[in-house]
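Here the structure comes first, spelled out in structure tokens, and everything after it is commentary.
The values are calculated or read from the model by the stated rules, or taken from the named source; none is laboratory data. Values in this document were obtained by computation on a predicted structure and should not be read as measured data. Cβ coordinates were reconstructed from backbone atoms using ideal geometry, including for glycine residues, and neighbour counts include every protein chain displayed.
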Amino acid sequence: MSRFAHENPGKQTPWLAGEQFELALDSQAGALNSSTAGEDTLTITTRLAIRVGRQGDVCTTAVVPLDRLTAVEISDVERDSSRLRNGLIFLAIGIAAGWVTWSVLAVTIFSLLLAGPFTLLSIFLIAGYVFPDADAALLLHAGGYTLRQPLRSAASRRDAYLVAHRIYELMADASRAASPPGVSEDSQEHAAAPNMASLEEQSLAPGAKAILWARGADASIASVLTSRFEPAVSGQMVITDTAERIAKCVVETESATSYVSRQMIRNPENQEPGQRDYIWDLEFVAPDRFHVSQTGWSSTGEVHERWISIGKEFYRLSSSGTWQKPEDPSRFDIERQLNPQLTVTKYLNVLRQSRPTASDLMVSHGKDYLQLRYEPLSRESLVSILGNPSPPQDIFGAATIWIECETNLLTKAEVNISEGGGENQLIFEQFFASYDSELAIEAPAISHGRQTLN
């Protein structure tokens, strides 16, 4: 059973009234779009979670209504490094014991008897490290039933956080839709807030908690986050007016009154989020309203921050979960200065200041995109990207920017920054969606208790 359009109709699960495709998660490939199918896939619609799996010749399908889900959980299995270390130690002991016995007695059977147990134990420990007892998994709990989607690759483990949070948002929407008539939306959200916060805190990985987009914008940004840009096939539209489209993109994007964005800084050496990695989720309403959620990783773990800036006013979410307005906003100048760096302006400066070294027509989710390559980035562009008026001389960068052909809006940008001849690298990746949407960023209700902001 599937929800992918190109599958045989006999394998299709019928769409429910008003149901729409949202996301899919494959155990190997990670997040998928609606035109790609896998043999071990969890498909999420606005109404259902549908898991298609195969074990040998047996194909199984599980369908769970989202309004029946009670919790979302990610079990991220990590290899036990102590097993590898102990296995290597016992292997060394076995080899040493066998060699000493053979050197002294020169009798093969004695060498095998003495070295054998250590060698077998080392093989057992090393095998336990190489082949963990269980896969990582995304778990959907519905009463006494658990739907388990295995995560067998780094891509699927990474994308599971996005899928888990989207499921959580759909669960929250279903909960609001089920509220008794006559209850206002504001009161529904106020009453549901403790339960939603608890669910988010207990069931979702911290990386997913950064997402804060408003309803109506979440599906749009989710579509962009799962984009897989592929070269256009022969016979499709041909781009002959690159310079004109770039100019239109600058005008159309800069004039947008609002949008949502996710910016990620990744250290390519990290298979999982780690030191030097950051995620910022942004809601922006021109000219000066910012709603930001920040997640950073350090040697001591993850750090989460969230703030709202409206003009010169600044509000920050405290560790107790209440909004507070600091008496001395200068303590948070770093956050306030970061706000404009999260906007699309820095990439528009690249479009203005540089000429692309390559351009191609790409396709994703059935839409055409103009892909522009800038390599290397000019010093002026690096200043804009890094927010540093004088970046070091040994800093180099290359950028790829995608512009949606139908709207001429900037959709995605990826920048590779290298330092010291390429030894140290960082990847900037940022997505934009829901341009000119009806976002509302207002001053939050302030806690009148003791100020505890740090």
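Residues in the range 211-253 that are modelled with pLDDT of 85 or more, surrounded by 14 or more Cβ atoms within 10 Å (Cβ to Cβ) and more than 16 Å from L282 (Cβ to Cβ): how many?
Summing the residues that are modelled with pLDDT of 85 or more, surrounded by 14 or more Cβ atoms within 10 Å (Cβ to Cβ) and more than 16 Å from L282 (Cβ to Cβ) in the range 211-253 gives 9.
Looking at E283, E305, E244, E272 in this structure, which one is of a type in the set (D, E) and farther than 21 Å from L162 by Cβ?
So the residue among E283, E305, E244, E272 that is of a type in the set (D, E) and farther than 21 Å from L162 by Cβ is E244.
Do we find a residue being modelled with pLDDT of 75 or more, surrounded by fewer than 18 Cβ atoms within 10 Å (Cβ to Cβ) and assigned to a loop (DSSP other than H, G, I, E, B) anywhere in the range 66-89?
The answer is yes, given that some residue of the range 66-89 is modelled with pLDDT of 75 or more, surrounded by fewer than 18 Cβ atoms within 10 Å (Cβ to Cβ) and assigned to a loop (DSSP other than H, G, I, E, B).
Quick check: is even one residue across the range 121-136 part of a strand (DSSP E or B) and either at pLDDT 75 or above or not β-branched (V, I, T) (or both)?
yes
For the range 263-309: of the residues being polar (S, T, N, Q) and surrounded by 15 or more Cβ atoms within 10 Å (Cβ to Cβ), which is modelled with the lowest pLDDT?
N267
For H304, only one of the following conditions fails: (1) under 23 Å from Q425 (Cβ atoms); (2) assigned to a strand (DSSP E or B). What is its number?
The one condition H304 does not meet is (1).
Conditions tested, residue by residue: (1) closer than 30 Å to I95 by Cβ; (2) outside the structural domain of I50 (by TED's automatic domain parsing); (3) at pLDDT below 80.
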| position | (1), (2), (3) |
| --- | --- |
| F118 | yes, yes, yes |
| G143 | no, no, yes |
| I167 | no, no, no |
| D173 | no, no, yes |
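Can you report the number of residues in the range 38-53 which are at pLDDT 85 or above and within 16 Å of R157 (Cα to Cα)?
Counting residues in the range 38-53 that are at pLDDT 85 or above and within 16 Å of R157 (Cα to Cα) gives 3.
So is S359 in the same structural domain as T257 (by TED's automatic domain parsing), modelled with pLDDT of 90 or more and among the polar types (S, T, N, Q) or not?
For S359, the condition - in the same structural domain as T257 (by TED's automatic domain parsing), modelled with pLDDT of 90 or more and among the polar types (S, T, N, Q) - is met.
Out of the residues in the range 432-443 that are at pLDDT 90 or above and not hydroxyl-bearing (S, T, Y), which is farthest from V224 (Cα to Cα)?
A443
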